[in-house]
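Right, one structure below, let's go through it.
The values are calculated or read from the model by the stated rules, or taken from the named source; none is laboratory data. Computed from a predicted structure; not experimentally measured. Using ideal geometry, Cβ is built from the backbone for each residue, glycine included, and neighbour counts are taken over all protein chains shown.
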Amino acid sequence: MKLSRRQFIGGTAAAAAGAALFNFNLLTKSVTAADDSLEDLKTFRNVCPRNCYDTCGQISYVQNGILKKVEGDPKHGYTNGKLCLKGYTYTRRVYSPDRVKYPMKQTPRGSGNWTRISWDEAMDTIAKKILELKSRYGSTLPICFNKYSGNFGIVHYGAEGTMSSIGYTTRALGTPCWPAGIDAQTYDFGTLYSNDPEDMVNAKYLILWGQNAAWTAIHSLPFINKARERGAKLVVIDPVLTSTASKADLYIQINSSTDGALALGMARYILDNNWVDWDYARNNSVGFDEWVDYLKTNITLDWASEKTGVPQDIIREIAREYATTKPASMWVGYGMQRHINGGQNVRIIDALGVMTGNVGKSGGGVNYGHLETWGFNYNAMTNPAPKDSKGFIGPDGKEGDRNINMNNFAHDVMAQNDPPVKMLWLACRNPGSQDPDTNAIEKMFAAMEFVVTVDSFFNKTVQMSDIILPATTHFEDWDVMASYWHYWIGINQRAIDPMYESKSDVEIAMLLSEKMNALESGSCTFPTSGTPEEWVAKEFNPGIHSLLGISDYQELIEGPRKAKMTPASWADGKFRTPSKKIEIHSNLAEKNGLPALPVWVEDMKAPEKYPIRFFTPHPQHGLHSQFQNLDWMMTANPEPKVEIHPVLAAKYGISEGDKVKIYNDLGSIIIKAHLTRTTSPEVIVSYEAWYKDSNFNVNYTLKATPSDMGKQATGNDGVAFHDNFVMIEKA
Amino acid sequence: MTKQLGFLHNSEKCVGCQGCEMACKNEYQTDATPRWRQVFQLREEDYSLPTRMFFSMACNHCANPECLRVCPVKAYTKREDGIVVHDHDRCIGCRLCLMACPYDRPQFNLDKKKVEKCNLCYQRIDKGEKPACVAACIPEALQLVEINDALDQKMGVLKTIPGLPGPDITHPAIRFIGPKQGKQIRRD
């Protein structure tokens with residue numbers, strides 16, 4: 001079947017809202033011939049914009065305006081022409097019949113009674129509400145904005161720009177994902193700055209610490225495997241025997257949240273055997289000897305073994321190997337810092353890297369992530385507030401936005417009184433399924449006067465909104481993407497026209513600005529013109545050009561570029577701390593109420609009533625609430641399960657396939673049991689995700705408990721997602 | 001037949017990521033439910049230690065294809081290179097092949113009321129390219145190989161793995177390298 005783009009659009013426009021407008025048959029090739037027609041086949045460069053280590057270079061194949069398939073970009077040196085399973089499902093996202101196609105309103109909110117409205121009506125309703133709130137409260141502070149990681153494209157910061165341009169607003173500040181570890185590395189090194197992951201090939205010893213690359217950074221595996229072919233040993237430390245851990249030479253099932261104790265035990269043994277790189281540690285850090293004293297006085301292998309559940313001979317083995325097999329690389333995953341002592345545990349692991357001289361070395365590093373390649377203009381986000389805007393007077397006396405904690409969002413929204421929060425604007429964000437304490441989130445949404453969400457699917461947050469604005473996918477937009485793991489930057493071209501009536505965050509901002517200024521001149525400063533490509537062009541600057549060795553963004557259309565940086569972070573020894581050295585003793589940490597040294601901080605103990613730890617890590621078939629709802633994914637992974645150790649299952653009379661109620665004081669969920677010895681008897685595991693036609697959500701039992709760090713660099717502490725304690729019973 | 005092409009799957013390298021499965025769907029834009037290629041998890045209890053172990057299987061392009069033998073409309077043909085091709089146009093959707101295949105690899109498409117399956121990307125192979133699944137495999141666990149004695153004599157190459165029907169029925173053109181298990185410090 002062949003349909004021109006024009007016929008296709010005509011067909012869709014004629015159909016009623018809500019119907020399944022797109023027939024996937026448009027995509028299906030003759031079953032026996034993969035490439036029966038290559039006629040008019042065009043290719044474009046794209047970059048997967050998800051919140052993912054890998055940020056893959058993609059090539060989109062477009063015929064007659066239709067995205068036919070998506071492949072990896074062979075010019076991308078880290079992702080190397082291959083995609084993960086999620087990346088190969090993109091046609092199903094773009095053409096999903098479940099996509100939000102038009103602006104729609106829901107009356108009443110939560111009823112599922114959606115009506116298609118025009119963009120003009122949507123903007124008129126939203127603009128009038130903003131102006132009414134502003135007139136009622138004398139400022140735009142009753143409007144609260146929450147955006148995070150649904151699309152990390154730089155132009156998407158236009159969503160923040162939308163808010164800046166209407167005045168000072170209430171903002172959800174922080175990052176749920178990784179702030180404790182960021183702060184740990186900020187206290188120690190001045191910022192987070194990991195080695196080039198491609199440099200892992202040079203490691204002679206590798207420790208993946210709470211990191212499941214097979215699911216979350218699969219393009220790193222070839223580099224790890226290369227190192228192993230050259231003789232490197234792979235050690236994986238994780239409470240869960242993940243797919244990555246299953247490949248390790250040595251897998252250590254550590255007690256959750258005791259990673260710092262293991263690192264301290266290793267450090268003590270390294271000290272006792274004088275495998276310390278005294279020159280490196282003393283020349284490059286402050287407070288090292290003070291920490292050595294702490295190790296001598298407070299740490300024994302007995303204690304470390306008792307705490308971690310790791311036998312002493314194993315602690316000795318990995319300590320000796322890590323300290324004497326150089327260079328040795330450590331990759332600290334984000335899961336291990338989602339605890340009340342998570343940041344501190346990262347600081348201890350950092351110190352272990354420093355004491356062995358593995359920091360600043362090719363093939364080494366204590367690798368967590370980096371933001372070295374993110375130096376764009378953020379032009380779409382930097383709009384001045386309209387004249388005479390009233391803001392929130394911060395502790396520094398400056399007037400501006402009112403920041404609330406993204407990681408205690410429900411509570412903080414409800415806690416605002418002067419003025420209260422009355423309206424939410426959500427973009428690239430799904431707190432309805434991703435935030436802790438879902439019951440509290442639901443209550444908070446219900447208390448709002450007005451909720452606007454920009455998204456591509458009718459997810460849980462959209463279900464709690466008054467107006468949904470249809471978002472484009474990255475194939476329908478221009479953008480530019482950097483990674484927080486690899487060193488590559490790629491341009492994202494518009495490969496197909498926006499589907500239905502979808503728009504990007506910047507296009508929405510321009511429309512809103514037009515409408516607001518028509519209603520009240522000067523009420524919005526967002527520009528009202530600019531093509532998508534012009535918007536992306538405005539993000540580049542001489543710094544980015546020189547980092548990539550280009551003179552114009554258009555050179556990226558020829559292929560992604562790798563930043564010109566040394567393969568080893570901190571190779572120059574110029575640390576970005578106040579002392580310009582690694583701060584084993586951090587005055588800044590102390591000032592913030594934390595231990596100055598990387599010393600042991602107790603983990604959270606299970607309460608008597610809820611003795612089982614409930615882990616809800618990142619899924620294989622999705623990225624947070626994205627992908628799992630697509631039809632191909634629902635075939636590959638039709639339903640959620642909870643992994644339970646057979647010993648624990650037997651204790652509660654649970655068999656394979658039984659429905660299990662998981663509960664605590666906050667709430668409960670019911671999930672089907674899968675019995676497996678890949679987890680330990682104290683820990684049950686279910687992977688967070690949003691399944692199609694399902695209310696599955698792992699966050700009903702999760703308290704918004706802060707992790708120990710995050711405030712310094714990201715504004716707020718993280719969430720101790722993995723300090724989630726429950727009871728189970730057969731449902 | 002001049003040779004027999006087939007797959008060599010290495011469970012030591014495979015992480016069960018299902019990239020092969022989705023790359024296949026992406027290449028052919030198949031409907032939602034048919035799984036021309038599918039990743040299966042090996043049972044923990046079949047090995048000395050519990051780990052996450054996998055193998056990936058599409059049509060096995062058997063030397064003695066039962067699907068071909070039972071098909072009443074001759075929708076199946078076997079090429080000179082051993083690839084078993086299913087002709088979607090000839091297929092009447094009788095599903096005899098589904099019953100005949102020991103590996104459940106012919107897939108019945110409920111919407112189209114016909115069978116479909118992996119044709120080993122013969123068009124790509126004819127152009128000198130790798131099958132889509134093989135090209136997409138990040139840990140390089142899946143390979144296109146010629147099935148012959150030389151391969152079968154290599155150390156570690158297995159004709160079957162636990163949980164699969166015996167290979168004597170159809171002589172499938174798939175070989176395996178079994179999972180390797182490291183040392184584990186466990187808490188149970």
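So which residues in the stretch A:680-689 are part of a loop (DSSP other than H, G, I, E, B), more than 9 Å from chain B (Cβ to nearest Cβ) and crowded, with 21+ Cβ neighbours inside 10 Å, if there are any at all? Passing the criteria: A:686, A:688, A:689. If the requirement is being surrounded by fewer than 24 Cβ atoms within 10 Å (Cβ to Cβ) and either part of a helix (DSSP H, G or I) or within 35 Å of the chain's Cα centre (by Cα) (or both), which of these qualifies: A:305, A:329, A:257? None of the others qualify; the one that does is A:305. Screening the candidates A:298, A:341, A:358, A:345 for the property of being within 29 Å of residue A:717 (Cα to Cα) and surrounded by fewer than 20 Cβ atoms within 10 Å (Cβ to Cβ) yields one hit, A:298.
Yes/no matrix, rows are residues, columns are (1) assigned by TED's automatic domain parsing to the domain that holds residue A:485; (2) surrounded by fewer than 13 Cβ atoms within 10 Å (Cβ to Cβ); (3) in contact with a helix residue (DSSP H, G or I) (Cβ under 9 Å, 6 or more places away or on another chain); (4) of a type in the set (Asp, Glu):
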{"position": "A:523", "(1), (2), (3), (4)": "yes, no, yes, no"}
{"position": "A:526", "(1), (2), (3), (4)": "yes, no, yes, no"}
{"position": "A:545", "(1), (2), (3), (4)": "no, no, yes, no"}
{"position": "A:554", "(1), (2), (3), (4)": "no, yes, yes, no"}
{"position": "A:561", "(1), (2), (3), (4)": "no, no, yes, no"}
{"position": "A:580", "(1), (2), (3), (4)": "no, no, no, no"}
{"position": "A:584", "(1), (2), (3), (4)": "no, no, yes, no"}
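Listed by first and then second residue, the pairs with beta-carbon distance under 9 Å, at least 6 apart or on different chains, first residue in the stretch A:144-159 and at negative phi, second part of a strand (DSSP E or B) and aromatic (Phe, Trp, Tyr), are A:144/A:425; A:145/A:425; A:146/A:425; A:147/A:425; A:159/A:145; A:159/A:425. Number of residues in the stretch A:619-643 that are part of a strand (DSSP E or B), surrounded by 20 or more Cβ atoms within 10 Å (Cβ to Cβ) and within 13 Å of chain B (Cβ to nearest Cβ) equals 1. Residue selection: residue B:39 fails the criterion of being of a type in the set (A, V, I, L, M) and in contact with a Leu (Cβ under 7 Å, 6 or more places away or on another chain). Does residue A:152 fit the bill of being out of contact with any Phe, Trp or Tyr (no Cβ under 6 Å at 6 or more places or on another chain) and either under 18 Å from residue A:407 (Cβ atoms) or outside the structural domain of residue A:493 (by TED's automatic domain parsing) (or both)? No, not satisfied. The condition (being of a type in the set (Asp, Glu) and under 17 Å from the mean Cα position of the chain (by Cα)) is satisfied by just one residue among A:688, A:656, A:639, A:643: A:688. Scanning the stretch B:41-62 for residues that are over 20 Å from residue B:152 (Cα atoms) and within 12 Å of chain A (Cβ to nearest Cβ) yields a total of 13. Does the stretch A:550-561 contain any residue that is of a type in the set (A, V, I, L, M), assigned to a helix (DSSP H, G or I) and farther than 24 Å from residue A:426 by Cα? Scanning the stretch A:550-561 turns up at least one residue that is of a type in the set (A, V, I, L, M), assigned to a helix (DSSP H, G or I) and farther than 24 Å from residue A:426 by Cα.
The residue pairs whose first member lies in the stretch A:709-729 and is on the phi > 0 side of the Ramachandran plot and not assigned by TED's automatic domain parsing to the domain that holds residue A:338, whose second member is among the acidic types (Asp, Glu) and not in a loop (DSSP other than H, G, I, E, B), and whose beta carbons are closer than 6 Å, counting only pairs six or more residues apart or on different chains, are A:710/A:183.
Can we say residue A:427 is surrounded by 23 or more Cβ atoms within 10 Å (Cβ to Cβ) and not polar (S, T, N, Q)? Answer is yes for this residue.
Exactly one residue out of A:125, A:91, A:79 is in contact with a His (Cβ under 7 Å, 6 or more places away or on another chain), assigned by TED's automatic domain parsing to the domain that holds residue A:507 and of a type in the set (Val, Ile, Thr): that is A:79. Among the residues making up the stretch A:77-118, those that are in a helix (DSSP H, G or I) and more than 11 Å from every other protein chain (Cβ to nearest Cβ) are A:93, A:94. Residues that are closer than 20 Å to residue A:73 by Cβ and within 18 Å of the chain's Cα centre (by Cα): does the stretch A:449-465 have at least one? No; the residues of the stretch A:449-465 include none that is closer than 20 Å to residue A:73 by Cβ and within 18 Å of the chain's Cα centre (by Cα). Only one of the listed residues (B:24, B:20, B:14) is closer than 20 Å to residue B:162 by Cβ, in contact (Cβ under 8 Å) with a residue 24 or more places away in the chain and either more than 7 Å from every other protein chain (Cβ to nearest Cβ) or in contact with a Leu (Cβ under 8 Å, 6 or more places away or on another chain) (or both). That residue is B:14.
Highlighted here are the strands (runs of 3 or more DSSP E) found entirely within the stretch B:15-83 that include at least 2 residues which are polar (S, T, N, Q) and surrounded by fewer than 22 Cβ atoms within 10 Å (Cβ to Cβ): B:38-41. Inside the stretch A:195-229, residues that are crowded, with 21+ Cβ neighbours inside 10 Å, more than 14 Å from chain B (Cβ to nearest Cβ) and farther than 21 Å from residue A:77 by Cα make up a count of 3. Please verify whether the stretch A:169-187 includes one or more residues that are in a loop (DSSP other than H, G, I, E, B), among the basic types (Lys, Arg) and in contact with a strand residue (DSSP E or B) (Cβ under 8 Å, 6 or more places away or on another chain). Checked the stretch A:169-187: no residue is in a loop (DSSP other than H, G, I, E, B), among the basic types (Lys, Arg) and in contact with a strand residue (DSSP E or B) (Cβ under 8 Å, 6 or more places away or on another chain).
In a residue-by-residue description of the stretch A:204-227, the property of being of a type in the set (Ser, Thr, Tyr), closer than 30 Å to residue A:286 by Cβ and at pLDDT 95 or above applies to at least one position. Counting residues in the stretch A:261-277 that are closer than 15 Å to residue A:356 by Cβ and touching an Asp or Glu at 6+ places or on another chain (Cβ under 7 Å) gives zero. Quick one: count up the residues across the stretch A:468-493 that are within 28 Å of residue A:424 (Cα to Cα) and crowded, with 24+ Cβ neighbours inside 10 Å. Looking only at that region, the number is 9.
The sole residue among A:665, A:658, A:708 that is buried (at least 22 other Cβ atoms within 10 Å of the Cβ) and either at pLDDT 95 or above or closer than 15 Å to residue A:613 by Cα (or both) is A:708.
Taking the criterion of being touching a strand residue (DSSP E or B) at 6+ places or on another chain (Cβ under 9 Å) and in a loop (DSSP other than H, G, I, E, B), the residues of the stretch A:474-498 that qualify are A:477, A:478, A:483, A:485, A:486, A:487, A:493, A:494, A:495, A:496, A:498. The set of residues from the stretch A:230-249 being over 13 Å from residue A:206 (Cα atoms) and either more than 9 Å from chain B (Cβ to nearest Cβ) or not hydroxyl-bearing (Ser, Thr, Tyr) (or both) comprises A:238, A:239, A:240, A:241.
Scanning the stretch B:71-92 for residues that are facing chain A (nearest Cβ under 10 Å) and among the β-branched types (Val, Ile, Thr) yields one hit, B:85. Quick check on my filter: what residues within the stretch B:163-188 are over 30 Å from residue A:315 (Cα atoms) and touching a Gly at 6+ places or on another chain (Cβ under 6 Å)? B:173, B:174, B:177 - these are the residues of the stretch B:163-188 that are over 30 Å from residue A:315 (Cα atoms) and touching a Gly at 6+ places or on another chain (Cβ under 6 Å).
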